[in-house]
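Data block below; observations after.
The values are calculated or read from the model by the stated rules, or taken from the named source; none is laboratory data. Keep in mind it's a predicted model, so treat the numbers as computed, not measured. Here the Cβ positions follow ideal geometry from the backbone for every residue, glycine too, while neighbour counts run over all protein chains shown.
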């Protein structure tokens with residue numbers, strides 16, 4: 001795992017107009033049943049380093065088959081991470097209810113699986129709603145009617161602006177927002 005981007009911490013802080021925590025390693029999880037985005041961001045005294053991003057995909061199958069495949073991929077990724085990093089904070093997208101209770105239950109299950117698998121290699125864990133994470137990094141959508149793919153595209157553009165990256169997958173962008181919001185000092 002080679003880092004993806006190294007940017008002056010002061011540059012990101014100026015764009016956010018927020019101080020960021022130094023000398024910290026954060027992992028962000030954008031949890032989904034079929035496509036989970038993961039991002040690791042590390043800060044030093046002077047730099048923010050996007051260490052890695054990953055998307056774990058699981059085909060649409062029976063729930064238990066999906067869980068087994070998801071756990072297998074998470075286990076492999078965790079082993080890689082544990083060898084290289086001492087994680088200070090794990091931030092996991094909290095599930096929220098829109099219309100479908102079945103989806104809510106599945107998201108909650110996958111979020112807890114992430115928590116369970118990473119809690120022994122992370123100093124602390126927080127759950128945060130995606131809207132709260134976006135608000136914390138000062139993301140503003142272009143209009144109230146923006147949703148779905150259009151919203152995801154705007155988030156990618158914003159993340160690429162903030163971190164001077166070229167993220168092309170919305171799950172990676174969402175996981176970077178989560179990790180970045182965890183670095184903002186309260």
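Just a few scattered comments:
- All of 87, 163 fail the test of being at pLDDT 90 or above, surrounded by 16 or more Cβ atoms within 10 Å (Cβ to Cβ) and more than 16 Å from residue 30 (Cβ to Cβ), apart from 87.
- Qualifying residue in segment 95-102 (condition: more than 20 Å from residue 71 (Cβ to Cβ) and at pLDDT 90 or above): no
- Among the residues of segment 13-23, those identified as in contact (Cβ under 8 Å) with a residue 24 or more places away in the chain and surrounded by fewer than 18 Cβ atoms within 10 Å (Cβ to Cβ) are 15, 16, 17, 18, 19, 21.
- One residue from 87, 104, 113 being over 16 Å from residue 173 (Cα atoms) and more than 18 Å from the chain's Cα centre (by Cα): 104
- Residue 114 being closer than 19 Å to residue 34 by Cβ and touching a strand residue (DSSP E or B) at 6+ places or on another chain (Cβ under 7 Å): yes
- Scan of segment 54-69 for residues that are surrounded by 15 or more Cβ atoms within 10 Å (Cβ to Cβ) and modelled with pLDDT of 90 or more, ordered by number: 54, 55, 56
- In segment 70-81, the residues that are more than 30 Å from residue 11 (Cβ to Cβ), surrounded by 12 or more Cβ atoms within 10 Å (Cβ to Cβ) and touching a residue at least 24 places away in the same chain (Cβ under 8 Å): 70, 71, 74, 78
- Selection from segment 152-177 of residues that are touching a residue at least 24 places away in the same chain (Cβ under 8 Å), over 22 Å from residue 8 (Cβ atoms) and touching a helix residue (DSSP H, G or I) at 6+ places or on another chain (Cβ under 7 Å): 170, 174
- The residue of segment 29-53 that is nearest to residue 112 (Cα to Cα), among those that are buried (at least 17 other Cβ atoms within 10 Å of the Cβ) and free of Cβ contacts under 8 Å to residues at least 60 places away in the same chain, is 52.
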